[in-house]
Ligand code: SF4
Ligand code: SF4
């Protein structure tokens, strides 16, 4: 079979940064597929505007393991439109796809694991544009779940050996968890992960939408877990994103005070290296630059946090206004 491996390659970061799926996990999967007689390709469409995806392959360690193990690297540049979404052609050209997500927190979707990894099958900047088309979290979660229904992998293998907690997916804190999880059902996998880190499965809107679409099981009593007992893993006090508490405010109240209680990105100019990635990625052209450095036009910003996600130098933080701090400290 022609097997496509789809790791989470968010950006051109080193393996030890914990932003991308670790190359040694991908190497192990390549070996298993080849031992079973498969031909292996590895592909992804990184976040933001990457003219050179091969820079991501190189820095993330994918190029080296592909050379070592005899796998082919493929760029997700050519797309096929399915239900209005440009999906990488390689998804339809392979016999089987194995998704290899990394467990990280995410300041917009709470976590990024199995379901969200297939969002990377959307090509180019359309991923960022979806945020401007669906600024409400529920709407964006529905899009992520819809794309998962189109690019549904045959198998998901989660790299949670070193996970990311806090304000992921690129600026969080690394956490040794020592977990590898595998399932044909991404919804079941994300539901188990949510429970492990102190949430209920449907607290994660992407899981809730995917479950509602019938894409998998989120009822923990119906999920069979084999292998090591999950109670033996230390996942206590897992730090969730600081943006999470807003999700627990009743929707009616949240809507009425939405203009007052909010988070927004903030550029730290002393850390910014003027790489321009945030500016070309912003779906509403809210980021500009002048002699003093990069700045955000908050009148245009839709709060998608794509800039925070793609900044390779952790120069974009999450800023909370005074009312937000008063509500949950
Ligand atoms: S804030 Fe980050 S992404 Fe934007 S220009 Fe500076 S270093 Fe690059
Ligand atoms: S400035 Fe950042 S958060 Fe605001 S719209 Fe642009 S990418 Fe999204």
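Inter-label distance, residue 64 to residue 270: 3.4 nm, where each label sits 7 Å from its Cα along the C-beta direction. Does region 27-116 come out rounded, prolate or oblate by the C-alpha gyration tensor, with a ≥ b ≥ c the root eigenvalues, rounded set by a/c under 1.5 and, if not, prolate when a/b is larger than b/c and oblate if not? Cα axes put region 27-116 in the rounded bin. Most fluctuating residue of 119, 211, 313 in a GNM of the chain with Cα springs under 10 Å: which is it? Per the Cα network of the chain with a 10 Å cutoff, 313 tops the list.
Note on the chain: GNM, Cα springs under 10 Å; of 221, 151, 60, the largest mean-square fluctuation is that of 221.
Computed over the Cα atoms of region 74-167, the ratio of the radius of gyration to the Kirkwood radius (Rg/Rh) comes to 0.96.
Computed log10 I(q)/I(0) for region 162-201 at 0.19, 0.21 Å⁻¹: -0.64, -0.76, from the Debye equation with unit scatterers placed on every C-alpha and solvent omitted. Considering only 18, 168, 198, the Gaussian network model of the chain with Cα springs below 10 Å gives its largest mean-square fluctuation to 198.
Sorting the segments 140-150, 186-196 by their mean number of nearby beta carbons within 10 angstrom, highest to lowest, gives 186-196, 140-150.
Separation of region 183-230 from region 1-75 is 26 Å, based on Cα centroids. The Kirkwood hydrodynamic radius of region 1-154, based on inverse pair distances between different Cα atoms, is 15.5 Å. With both labels modelled 7 Å from their Cα along Cα-to-Cβ, the residue 82 to residue 200 distance reads 3.2 nm.
All C-alpha pair distances within region 90-233, sorted into 5 Å bins from zero, spread as 2, 10, 20, 25, 22, 14, 6, 2, 0 percent across the bins.
Starting from a Cα-only point model with no solvent, please compute log10 I(q)/I(0) by Debye for the chain at q = 0.15 1/Å. One equal scatterer on each Cα of the chain leads to -1.30. Computed with the Debye formula from one identical point scatterer per Cα of region 50-96, without solvent, the log10 of I(q)/I(0) at q = 0.15, 0.19, 0.22, 0.25 Å⁻¹ comes to -0.50, -0.73, -0.87, -0.96.
Which value in nm describes the separation of the simple spin-label points at residue 132 and residue 184, placed 7 Å from the Cα toward the beta carbon? Between residue 132 and residue 184, the label points sit 4.1 nm apart. Where both bridge residues fall in the chain, DSSP classifies roughly 60% of the beta bridges as antiparallel. Here residue 176 and residue 55 are evaluated by their C-beta separation; at R0 = 30 Å the FRET efficiency comes out at 0.60.
Read-outs throughout are calculated quantities, based only on the coordinates presented, and are distinct from any laboratory measurement. The shown structure was predicted, so the numbers you read here are calculated from the model rather than taken from an experiment. Please note: Cβ atoms are built from the backbone with ideal geometry, for glycine as well, and neighbour counts cover all protein chains shown.
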